[in-house]
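Colleague: Here it is, the structure in full.
Read-outs throughout are calculated quantities, based only on the coordinates presented, and are distinct from any laboratory measurement. What you are looking at is a predicted structure, and each value in this text was computed from that prediction instead of being measured. Neighbour counts run over all protein chains shown; Cβ positions are idealised from the backbone, glycine included.
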């Protein structure tokens, strides 16, 4: 057994805790966002946390109707830029709460009197202390270098903020189904050994998705990179048509994160293109139509929305990466070259 | 001779035209931005145009002090989201002016009464007609599928807007040196055949940069993908430390876009890391310190700032991609699978 698999399996419990214990903080933050008539949410994050921010952008713009920008921290840390954020909510996301450049964005925002929030796994981290609001991932120590449980916890906190700003209870109701859906996936579906063994010698792959699951294409590719040293590249389907399509090669498998939902049409179209070029494609889906068009399927449970499916597809890609790493004879808990806490100046 | 090389070589002339003829439009737009107290710039773009938007984010946040967000068009086109953009300047960038999803973002903004602008190569394109302000790339027809001259024209228009909003004339003075600097690079430096031949059989590479040149890492990787079918992957250096570092492999060359400037410290640190792992690295630089740490140097002229160097490093990467394509016996003007105008629904 690896630590990573334990941490993957702990996600339903962590998310239940986040759902139960973050409500008051989210409510208070959302009240202040409304009172201050916030018109922009500005998020600073790196690596896996940045992929949680991508999920957050979709759910916040769609459900809260507030535009979301991502910080390029070097604007502030290298160039001394001072983007005006007085009327913004500025959120820093970092597992350790120590990401130096993300912290610097929070400090810049604080100096301007912006509303600030931090999402970290440590109540006493520098980022938690810097921001006006702190939300804990409540994940306990994350021992594997490859982040899993803190990622979905970050996503959930952002989704709860979107639900709090959306004005209705519908999204919150959807989010409450997530822990059970991940449990169902882990208990009854999982990633078949047959598929893992098929890709045991894979050196490269593409991971594609459209809409909210683009965040999971990015994160899935990163997990595969970190734990398997496979050169996985993620693309939003819409960007893939602009250039990278020229790279398609029958020797490079494609993973299509395509659960049923509002992106069905785009997913089907891409599956058709891949099939036309004779590409070996594995879909992460619950859609029989997609299954019929691809070589392999990592099946996820039915009954997911565009906003809940990314939690389950995240678990699927984490599990695939972890199992592939083991099949390759590697240790997913301790990737070469990289450290758990990365300090970018 | 290829069309692509003609179009690369035409960039100084195109940029001179853009500099001379866009002033009035830029001045009018900037006046309206100030009058309306715009607090957010929201940019929609795909592919190469999106890389011009990345450059724009840095220069606008640093020089105009206005935060910049990128549209995820599917928020609007797939999910029916309505991000509030009443107090934003919304800019669509597209060579053809026909990108359906970018146009949809402009329409959404128009319905809200946002200030809108389009940057395209065609005065009579749908995007040009939709937006309140239109800026032409003034590049003449771009015949090569791989965009070159329209890319640097898009960058220049965005840089002129940043200069117009910056309140001082200093940045504009810098921008006026760009056509001559590109001419100097093309005439006196170029990309040595020896370096091109060395990478003739390259299948994969990484392209890294920090700060303003991150846009050129993205665009350079895309040019190499499109014209050479080499699986080039771009990373911001700061993100590369979060995971992708595990992918470093002595069989995969790295291209480091690292002209001298405010990112020197980060560039040197990355060059040191790559050298420590024994990675074959080519720097695009004018910095003798970097040159001493890498295997090969594509030399660019001295006297560039962090805001002018991306134009010259763009030309260097375009030229490298074009020459590599020819060395591989391919036709850079007509990549397989991809089309000049991509319509994403």
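Colleague: Would you list B:42, B:133 from fewest to most Cβ contacts within 10 Å?
Modeller: B:133, B:42
Colleague: While we're on this one: Going by C-beta contacts inside 10 Å, put A:51, A:63 in order with the fewest on the left.
Modeller: Listing A:51, A:63 from fewest to most nearby Cβ atoms yields A:63, A:51.
Colleague: So how tilted is helix A:309-327 from the main axis of chain A? Cα-based, degrees 0 to 90, rounded to 10.
Modeller: Helix A:309-327 sits at roughly 60 degrees to that axis.
Colleague: Would you work out if region B:22-174 is rounded, prolate or oblate? Take a ≥ b ≥ c from the square roots of the eigenvalues of the alpha-carbon gyration tensor; rounded if a/c is under 1.5, else prolate when a/b is larger than b/c, oblate otherwise.
Modeller: oblate
Colleague: Sorted from shortest, what are the nm distances separating the label point of residue A:143 from equivalent points in the other copies, each placed 7 Å from Cα along Cα to C-beta?
Modeller: Ordered by increasing distance: 6.5 nm.
Colleague: Among chain A residues, which Cβ is nearest the axis of the A-onto-B rotation, and at how many Å?
Modeller: A:69, 2
Colleague: Let me ask another. Evaluate the distance, in nm, between pseudo-label points positioned 7 Å from the Cα of residue B:268 and of residue B:291 along their respective Cα→Cβ axes.
Modeller: For the pair residue B:268/residue B:291, the computed spacing is 1.7 nm.
Colleague: Relative to the compact globular guide of 2.2 N^0.38 Å, what is the alpha carbon radius of gyration of region A:66-113, as a ratio?
Modeller: Output field value: 1.09.
Colleague: When a/c is below 1.5 the answer is rounded, else prolate if a/b is larger than b/c, else oblate, so apply that to region A:112-252 with a ≥ b ≥ c taken from the square roots of the Cα gyration tensor eigenvalues.
Modeller: It comes out prolate by the Cα gyration axes.
Colleague: Over the whole of B:267-276, what's the average partner chain Cβ count within 10 Å per residue? Rounded to a whole number, please.
Modeller: Taking all residues of B:267-276 together, the mean is 0.
Colleague: Measuring from a point 7 Å past the Cα of residue A:10 along Cα-to-C-beta, which residues in region A:134-156 have an amide N at less than 19 Å?
Modeller: Residues A:135-156 qualify, since their backbone N sits under 19 Å from the label point.
Colleague: What share of all Cα pairs of chain B, in percent, falls into each consecutive 20 Å distance bin?
Modeller: Once binned at 20 Å, the Cα pair distances of chain B give 33, 58, 9.
Colleague: A follow-up question, please. Within 10 Å of each Cβ in A:202-214, how many Cβ atoms from other chains are there, averaged over the peptide?
Modeller: Across A:202-214, the average partner-chain Cβ count within 10 Å equals 2.
Colleague: Given a Förster radius of 60 Å and the C-beta distance between residue B:195 and residue B:82 as r, what FRET efficiency does 1/(1 + (r/R0)^6) yield to the nearest 0.05?
Modeller: Between residue B:195 and residue B:82 the formula returns 0.75.
Colleague: Between the label point of residue B:295 and that of the same position in each other copy, find the distances and list them shortest first in nm, with every label point placed 7 Å from Cα along the Cα-to-C-beta direction.
Modeller: Nearest to farthest, the other copies are at 3.0 nm.
Colleague: Just the ratio, please: alpha-carbon radius of gyration of region A:1-72 over 2.2 N^0.38 Å, N its number of residues.
Modeller: Working it through for region A:1-72, the quotient is 1.36.
Colleague: Between copies, how far apart are the residue B:24 label points? List them in nm, one decimal, shortest first, with each point 7 Å from Cα toward Cβ, please?
Modeller: 6.3
Colleague: Going by how many other Cβ atoms sit within 10 Å of their own, how do B:269, B:104 line up, fewest first?
Modeller: Lowest to highest Cβ neighbour count: B:269, B:104.
Colleague: How big is the protein assembly as shown by the Kirkwood estimate over distinct Cα pairs, in Å?
Modeller: Value: 25.0 Å, from the Cα pair sum.
Colleague: Return one number: the angle in degrees, 0 to 90 and rounded to the nearest 10, between the long axis of the Cα atoms of helix A:23-35 and the longest principal axis of the Cα atoms of chain A.
Modeller: Here the helix axis deviates by roughly 60 degrees.
Colleague: Still on this structure, I have one more. Helix A:47-59 versus the longest principal axis of chain A: what angle, 0 to 90°, nearest 10, using Cα atoms?
Modeller: In chain A, helix A:47-59 runs at an angle near 80 degrees to the longest axis.
Colleague: As a test of the formula, what do you get for the protein assembly as shown when each DSSP H run with n ≥ 4 contributes -39,500 (n - 2.57) and the sum is divided by the residue count, at 222 nm and rounded to the nearest 500 deg cm²/dmol?
Modeller: Computed ellipticity for the protein assembly as shown at 222 nm equals -13500 deg cm²/dmol.
Colleague: Decide, for region A:183-327, between rounded, prolate and oblate: order the square roots of the alpha carbon gyration tensor eigenvalues as a ≥ b ≥ c, take rounded if a/c falls under 1.5, and otherwise choose prolate if a/b is larger than b/c, else oblate.
Modeller: Rounded, because the longest to shortest axis ratio a/c is under 1.5.
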